[in-house]
1. Contact order normalised by length for the stretch 250-312, with contacts defined as Cα pairs under 8 Å and 6 or more residues apart; what percent is it?
2. Using mean Cβ contacts within 10 Å as the protection proxy, how do 141-147, 290-296 order, highest first?
3. Between GLU309 and ASP215, what is the label-point separation in nm under the 7 Å Cα-to-beta-carbon projection?
4. Rank these for me by crowding, HIS339, HIS140, going from fewest to most other beta carbons within 10 Å.
5. Mind ordering 168-178, 63-73, 90-100 by average Cβ neighbours within 10 Å, highest first?
6. If R₀ is 35 angstrom, what is the calculated FRET efficiency for the pair GLU358 and GLU254, using the beta carbon separation as r and rounding to 0.05?
7. Working out 0.36 nm times the residue gap between VAL43 and LYS246, then minus their Cα-Cα distance, what length gain in nm do you get to one decimal?
8. How much length is gained if the chain between LEU142 and ASN130 is pulled fully straight, taking 0.36 nm per residue apart and subtracting their Cα-Cα distance, in nm to one decimal?
Amino acid sequence: MTPFPIQLGPEEIVHELNEFNHKMLKGIETLSRLREEDIKVGVSAKEPIYREDKLVLYHFTPLVEQTVSTPVLIVYALVNRPYMADLQEDRSLIRNLLKLGLDLYLIDWGYPSRADYWLTLDDYINGYINNCVDVIRQRHNLEQINLLGICQGGTFSLCYASLYPEKVKNLTVMVTPVDFQVEEGLLNLWAGCTFGSQSMDVDLMVDALGNIPGDFMNLGYLMLKPFQLGIQKYLDVVDILDDEAKLVNFLRMEKWIFDSPDQAGQAYRQFMKDFYQGNKLIKGEVELGDKRVDLGRINMPVLNVYAEEDHLVPPIASQVLEKYIGSRDYTARSFPVGHIGMYVSGKVQRDLPPTIVEWLKQRE
């Protein structure tokens with residue numbers, strides 16, 4: 001609800017109060033009958049084809065005849081659940097890609113437990129991702145597949161494509177950090193890497209906490225915009241309490257925001273120290289097992305999609321990718337939205353899926 005105008009008369013005030021009460025009562029009625037299963041997320045049909053530890057590799061049921069023969073593996077971030085890319089039927093990147101004829105696979109990382117504390121980035125990239133790629137290659141009898149990496153999953157995909165260029169035909173990354181020490185963005189500031197006086201003590205955090213709690217991570221993201229994400233959106237929800245469809249959409253977003261897996265301690269330690277604090281990705285100094293990540297070895301076509309109003313991954317942090325890769329076939333596309341808008345904006349979902357599919361078709 002908007003604040004009352006200063007010069008409202010008694011009748012207008014009574015009208016506003018009546019409208020407010022009506023919305024509240026309607027919202028209470030709607031919320032009282034909603035069940036958890038009514039807040040459906042991850043709407044596209046899929047089947048598990050491979051499991052390893054907590055990881056599940058899913059294959060999505062095709063919706064139309066394939067227009068791109070090479071399958072696409074989606075690699076999502078560790079810090080949130082991947083159903084953001086398949087939130088609901090009318091706001092689903094995955095569903096829209098399926099409608100355009102892509103053959104899609106997705107890695108679901110699951111929820112790490114204390115038993116996963118010792119997992120490293122080597123385990124995630126040289127282990128899990130490489131195993132999933134090999135499963136798909138064998139399933140389709142192919143030497144190479146396409147990768148689509150999202151956010152931190154995009155960073156992982158860059159590392160993977162550098163280490164195994166012979167297995168990646170085309171690489172697409174979305175809202176992906178590459179330079180972790182750009183001066184924009186509070187995440188860089190909080191990690192202590194941009195202004196350099198005192199870095200966040202990652203070793204102390206991991207030694208004290210073990211796995212990093214998902215709730216701790218989530219609180220950090222909310223504090224990037226404390227008023228907007230912690231107060232304003234809950235004030236604004238009053239305006240949609242009498243609209244069940246909009247209210248359910250809001251609850252879907254809330255479900256995703258607060259569904260935050262814990263982070264395996266050792267993998268978190270390495271990611272924060274090597275990527276945020278050391279900025280080793282663009283320096284060519286990231287080491288995964290006995291392998292060193294050199295972005296110059298990325299020689300396949302690359303599509304880089306970023307959000308112009310992204311507060312988590314500032315555009316400049318993604319745009320620099322072109323400077324470091326070895327590929328001569330590089331395409332950048334931007335959209336005038338924020339980080340989350342890349343998944344849920346109606347305009348982006350109208351334009352982004354065809355952009356990805358047409359780009360892949362041209363390289364078949």
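1. Contact order relative to length: 14 percent.
2. 141-147, 290-296
3. If labels sit at ASP215 and GLU309, their model points lie 3.2 nm apart.
4. Lowest to highest Cβ neighbour count: HIS140, HIS339.
5. Per-residue Cβ counts within 10 Å, averaged per peptide and sorted highest first, yield 168-178, 90-100, 63-73.
6. The computed FRET efficiency comes out at 0.55.
7. Working: separation 203, 0.36 × 203 = 73.08 nm, distance 1.72 nm.
Between VAL43 and LYS246, full extension yields an extra 71.4 nm.
8. Length difference between fully extended and current span is 2.9 nm.
Computed from the coordinates by the stated procedures, all read-outs in this text should not be read as laboratory data. As the structure is a prediction and not an experimental result, all values here were calculated from the model. FYI the Cβ positions are ideal-geometry reconstructions off the backbone, even for glycines, and counts take in every protein chain you see.
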